[in-house]
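A short worksheet on the structure shown next.
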Amino acid sequence: MRVLLTGGAGYIGSHTALVLLDHGHEVVVLDDFSNSSREAVRRVEELSGSRVPVIEVDLADRERALAALADVEFDAAIHCAGLKAVGESVAQPSRYYRVNLDSTLTLLDVMRERGVSKLVFSSSATVYGDPAYVPQDEQHQVGVGLTNPYGWSKFMNEQIIRDAQAAWPELGAVLLRYFNPVGAHPSGRIGEDPSGIPNNLMPFIAQVAVGVRERLSVFGDTYPTPDGTGVRDYIHVMDLAEGHVAALERIEAGVVSYNLGSGTGSSVLDVVSAFEAASGRPIPYDVVPPRPGDVAEVVANPAKANTELDWRTTRSLADACRDTWAWQSANPSGYGA
Ligand code: UDP
């Protein structure tokens, strides 16, 4: 298939591009490079030996996006483009809603007009809100206790896609609810390149290990978890990327959601130890008060994706730390180096 990959220069998009190319698909990247780098696409071309056309446009800018896509042929879309910083979304709600919702509305309109009926959407376990139980399956309630516009925008996008499908029954859409993506391509050539101070645990730890930051702040150690620190389901980004391709290749008319997670929880201190082992560097840390909006434990039940997509994670937290370290140590300033 010829796949329009929005946000294809970003962290998840670039790894997904590589796996799509490895599976014999063609990729057209659409990105506005507001939070990503052309260098990522160049390195995907280098790793794959394939050419990857790039459309530089903000998908939320409807007129420009329609013009930029006018001559672009594609059979399916994977929609990864969007803003994703939780704290920033609280400070800039209208920007988050505009970018994250308008981009989906534009894409759906283009797809309908062209008769392109296959869509994979980057959603998030954040749609589950306050966990009513752990591990969470796809039947878990959604939209209850969401604490920030980023999370609401994922929830609203899921609803927009369901409504679009109700009005256009040929549409086949897969909502992929990511748990905590970490790691990098094992080559160390592509990886996560956050702008500014990383919000997420793994990139922050990687920057401590490489000496860009001094110490990690551990957000709370009195949660009801084995060591008191927050527990999450970390999924290697290459496993996540393979999940997109598995979903794409099995799309049928209708809307279906899948958890992409490992089913295994790891604490903040588990991640610290695993990264120290992988890098051979100490990760000094201080325990500080919990971060507002954080919950004790978020872990996927990935059984539905395992069965219906014939997909499962094959890479461990240790693998993710090794690959993150390969990326971070070779690219201490990310793509800007
Ligand atoms: N965390 C931390 N220090 C940091 C960043 C994150 O202790 O600098 C913790 C956070 O409280 C949570 C876990 O690490 O328990 C994963 O946080 P992250 O922001 O990576 O992902 P989230 O699960 O919040 O989406």
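Please treat every number below as a calculation from the coordinates, not as lab data. All figures in this text were calculated on a predicted structure; none of them were measured in a lab. Here the Cβ positions follow ideal geometry from the backbone for every residue, glycine too, while neighbour counts run over all protein chains shown.
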Quick one: length gained pulling Ser34 to Gln141 fully straight, 0.36 nm per residue minus the C-alpha distance?
35.2 nm
Place a +1 charge on the Cβ of each Lys and Arg in region 52-139 and a -1 charge on the Cβ of each Asp and Glu, then give the dipole magnitude about the Cα centre in debye, rounded to the nearest 20.
120
For the chain, give the magnitude of the charge dipole about the Cα centre (Cβ charges: +1 Lys/Arg, -1 Asp/Glu; no others), in debye to the nearest 20.
320
Using the Cα centre of region 150-212 as origin and beta-carbon charges of +1 (Lys, Arg) and -1 (Asp, Glu), tell me which of Gly172, Ser195, Val210 is placed farthest towards the positive end of the dipole.
Val210
Residue-normalised 222 nm signal for the chain, counting each DSSP H run of n ≥ 4 as -39,500 (n - 2.57), nearest 500 deg cm²/dmol, is -12500 deg cm²/dmol
Pop the C-beta distance of Ala303 and Tyr133 into the FRET formula with R0 = 22 Å and round what comes out to the nearest 0.05.
0.95
Within region 20-64, name every residue whose backbone N is under 18 Å away from a label modeled 7 Å from Cα of Ser94 along the Cβ vector.
60-62
Where both partners of a DSSP beta bridge lie in the chain, what percent of those bridges are antiparallel, to the nearest 5?
5
Per 0.36 nm of contour for each residue apart, how much would the distance between Arg42 and Ala330 grow if the chain were fully extended, relative to their Cα-Cα spacing?
102.0 nm
How many angstrom separate the Cα center of region 70-132 from the Cα center of region 259-320?
25
From Cα pairs below 8 angstrom and at least 6 apart in sequence, can you work out the relative contact order of the chain, rounded to a whole percent?
19
In nm, to one decimal, how far is the Glu249 label point from the Ala67 one, both placed 7 Å along Cα→Cβ?
3.9
Can you tell me how much longer the chain between Glu276 and Asp294 gets when fully stretched, taken as 0.36 nm per residue apart minus their C-alpha distance, in nm with one decimal?
4.0 nm
